[in-house]
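The values are calculated or read from the model by the stated rules, or taken from the named source; none is laboratory data. Since this is a predicted model, take the numbers as computed values, not measurements. Cβ atoms come from the backbone with ideal geometry, glycine included; neighbour counts cover every protein chain shown. All accessible areas refer to the heavy atoms of the entire protein, side chains included, with ligands and DNA or RNA removed. Shrake-Rupley method; radii C 1.70, N 1.55, O 1.52, S 1.80 Å.
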Amino acid sequence: MTDARAPGAPTTPGPEDLKSLVREEIERHSEALLALSRRIHGHPETAFAEHRAAAWCAEALAERGFTVTAPTYGLETAFEATLGRGPLTVAVVCEYDALPDLGHACGHNLIAAAGVGAALGLAPFADELGLRVRVLGTPAEERGAGKALMLESGAFDGVDAAMMVHPCPFEMSDFRSFALGTLSVSYTGRAAHPSLNPHEGRNAADALTVAQVAIGLLRQHLPPQWRVHGVTTEAGSAPNAIPERARAEYELRALAAEDLAELRERVEACFRAGALATGCEVTLERPEPDYLDFRGDPALTALWEANAKALGRPEPVERPPFACTDMGNVSHAVPSIHPVLDISGGACGPHEAAFAEAAAGPAGERALLDGATAMAWTAADLALARRA
């Protein structure tokens, strides 16, 4: 990578000159940013195993003068990179975990490189803006709620604004998400022969069946945007043995964190009913923190939308919640934005194999550079407004 400050850059540029310089800075690093994205895309790593992706992002920032700490906040694949000494702290968030079997079908390679790009664009001007740039590499968004864990460990302490971008099949500034909870269910019964002594058995698979029927009946009484869905992972291995163990994994989604608490209580009652009806024991566990609903900051969203428009991005749409993200947890603690950028024109969406291809295509890479620029401009706008 080349020098962070362009030759002849003014010491105290005006707002529009500053934005031009920030954009030029990102464009100067564009080949390196695209290479970073392609490298991550070509070496997908799943939740909590993103050792190469985290290292590549951290190295790109360290080379440009950022102070890097890695690993950090109790996670082996998390990093923090900081630059600037201003009173205003902006956190730029990088995601980089991939999906099992689907690779980067959620486009996190673009998210990571865009976050690095925004930070590099701001780097030469951070002190002039009174800005402290904190780049956070956050593992395990797809499964594990890495940001929630990092939030609890203090990663976002002292942050005035947090931001990231996400690829999508449409453009959206005011992103909203569901709250998501996970539930691991384990029934323990008693094995027996189904012909010789079935009366001595306690059928764990039956307990799960009772619970699933109860959940099916519960669904008609749930609000329209509450969701309950899951899979059975164990329910016996042979028809000539009463199963003594059954397991399932479930997800619960609701519009808000408060709703999620009520939904969890009602669903867990269904699983307890299965145990009660069959004489089995049930264990209910939360394998990861709840993902809270994303609540975007209106002022930051307005700044982002103006900057995206200035870059010629497509007109944003309005949609009800359609996904879940651990960035929601951050948004409950820190003013945040999570705009989504169109990379497929609606032809395919996240978690589809075709979306992984789009995340390495021209529209995806354009979104990477636009996202980096619009985030950097939004951080600069915020700093200038605070300084005025």
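Remarks
- For the chain, the share of accessible area belonging to carbon and sulfur comes to 51 percent (1.4 Å probe, ligands and nucleic acids excluded).
- Net charge dipole, region 283-348: roughly 220 debye, given to the nearest 20, about the Cα centre with Cβ charges of +1 for Lys and Arg and -1 for Asp and Glu.
- Over the C-alpha atoms of region 31-190, the Rg to Rh ratio, Rh being the Kirkwood estimate, stands at 1.01.
- Residues whose placed amide H lies under 5 Å from that of A162, excluding near-sequence neighbours: A91, S336, I337
- Amide hydrogen neighbours beyond the local backbone of C106, cut-off 5 Å, H modeled: L99, H351
- The chain, relative contact order in percent, only Cα pairs under 8 angstrom and at least six apart counted: 23
- Charge dipole (debye, nearest 20) of the chain; +1 at Cβ of Lys and Arg, -1 at Cβ of Asp and Glu: 240
- Probe 1.4 Å, all protein chains present, accessible-area order of H104, H193, largest first: H193, H104
- Put a plus charge on the Cβ of each Lys and Arg, a minus charge on the Cβ of each Asp and Glu, and nothing anywhere else: the dipole of region 227-348 about its Cα centre is then about 200 debye.
- Size of the chain: Rg and Dmax of its alpha carbons, in Å, are 23.7, 90.
- Gap separating the Cα centres of region 84-143 and region 170-249, nearest whole Å: 38
- Fraction of antiparallel bridges per DSSP, the chain only, in percent to nearest 5: 70
- For region 34-188, the relative contact order works out to 27 percent when only alpha carbon pairs closer than 8 Å and six or more residues apart are counted.
- For the chain, accessible area per residue (1.4 Å probe, heavy atoms of protein chains only), Å²: 41
- For region 138-236, relative contact order (Cα pairs under 8 Å, six or more residues apart, normalised by length) works out to 13 percent.
- Positive-pole candidate from A257, T69, Q220, dipole of the chain, charges at beta carbon: Q220
- Kyte-Doolittle mean at least -0.5, axial Cα span of 24 Å or more - DSSP H helices of the chain: 257-278, 362-387
- In units of the rule-of-thumb radius 2.2 N^0.38 Å, region 335-388 shows an alpha carbon radius of gyration of 1.46.
- Mean Cβ neighbour count within 10 Å, used as a protection proxy, ranking 131-142, 29-40 highest first: 131-142, 29-40
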